[in-house]
Amino acid sequence: MSINSELNLLNQKIVYDFTKFTTTDYIRHLSCVIWFKGCNFRCQYCYNDDIVFCKEGNYSINEILVFLESRIGMLDAVVLSGGEATLYDLTAICKKIKEFGFKIKLDTNGTNLKLIKKLITNKLIDYMAIDFKSPKYKYKNIAGVNKYDDFIKTIKYLINTDFDFELRSTINSSLLDEDDINSMINTISNLDYKNTYYLQNFIQTETNIGNISKHRDINKEKINNKKLSIQWRN
Ligand code: SF4
């Protein structure tokens, strides 16, 4: 990316919104969250569809940087989320954020390995949370795209490089049942994933992309927690 296009990206309104303060998005950190507009997935359970389909964002990165500079000493981290933050070359953005001394967490669907490698190699991110959408046999149906193999390549890379990251899955029982969840646990434990695997409950809104409803609670006793540390969120 040329210097001109990097500067151009900082001026474009690619941010849908930002959360000025949170203690929950990056564990043990006081963070701000930047919500990038747009996504390359169409998950049935997505409740961020305003962000996914947004044509023009509300803020430029330069506007967010002004805010971040005013929070030096008050916050200690920035979370890059969306939508899908890796639709954008985050290199210049992360460099600017790092100049302020903040740690950076990236939330991603894990499909842009080229960019992820670049950010890790240049020490521009500190932690990642990656969505594990479903087993391969359901991926296209649930995520709306056929990118399971890209996701797996990214996981393998992160494990091989010993980068600090977490995997998490959104659970709607009409899409993923206990057998599917156990299949996903098998997949990542076979890849030698060692961190906690977070399972988070689906949130129903009026505008979920696939307009699905929650049919029943997952029977947690049927979930194999022998291979990995499993933690349920919300
Ligand atoms: S839930 Fe899926 S469609 Fe929605 S923002 Fe995340 S990756 Fe994109």
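In order along region 26-41, phi translates into HN-Hα couplings of 9, 4, 6, 10, 8, 10, 10, 10, 9, 9, 6, 7, x, 7, 8, 10 Hz, rounded to whole numbers, per the Karplus curve 6.51 cos²θ - 1.76 cosθ + 1.60 with θ = phi - 60° and x for Gly and Pro.
Using the number of other C-beta atoms within 10 angstrom as an exposure proxy, rank 198, 137 with the fewest first.
Numbers: 198 17, 137 10.
Ordered by Cβ neighbours within 10 Å, fewest first: 137, 198.
Think of it as helices only: each DSSP H run of n ≥ 4 in the chain is worth -39500 (n - 2.57), and spread over all residues that comes to -9500 deg cm²/dmol at 222 nm. For region 1-32, applying the loop criterion from DSSP together with a ceiling of 11 other beta carbons within 10 Å to the trypsin sites (Lys or Arg not before Pro) yields 28.
Backbone amide hydrogens, once placed in the peptide plane, bring residue 16 within less than 5 Å of 35, 36, 37, 58, excluding anything fewer than 5 places away on its chain. Annotation: extensible slack from residue 56 through residue 224 equals 56.1 nm (criterion: 0.36 nm per residue apart, minus Cα-Cα distance). By other beta-carbon atoms within 10 Å, ranking 232, 35 with the fewest at the front produces 232, 35. Comparing Cα centroids, region 85-113 and region 1-43 end up 8 angstrom apart. Placing unit charges on the Cβ atoms only, positive for Lys and Arg and negative for Asp and Glu, gives the chain a dipole magnitude near 420 debye about its Cα centre. This ranking places 97, 159 by how few other beta-carbon atoms lie within 10 Å of each, fewest first, which gives 159, 97.
Pairwise Cα distances in region 3-233 exceed 32 Å for 18 percent of all pairs. PRE reach from residue 8 (point 7 Å along Cα→Cβ): which of region 93-136 fall under 20 Å by backbone N? Inside the label zone: 93-96, 115. For a straight C-alpha distance cut-off of 18 angstrom, the lysines reachable from residue 105 (same-chain residues fewer than eight places away being disregarded) are 20, 37, 95, 96, 114, 117, 118, 123. Put simply, the amide H of residue 46, placed in the peptide plane, has neighbours under 5 Å in 209, 210, leaving out anything fewer than 5 places away on its chain. Extents of region 78-192, taken as max minus min of Cα coordinates on every principal axis and listed largest first, are 46, 27, 20 Å. Summary value for the chain: 18 percent relative contact order, contacts being C-alpha pairs under 8 angstrom separated by 6+ residues.
Laboratory data are not the source of any read-out in this text; all were calculated from the coordinates shown. Please read all numbers here as calculations on a predicted model, not as lab measurements. Please note: Cβ atoms are built from the backbone with ideal geometry, for glycine as well, and neighbour counts cover all protein chains shown.
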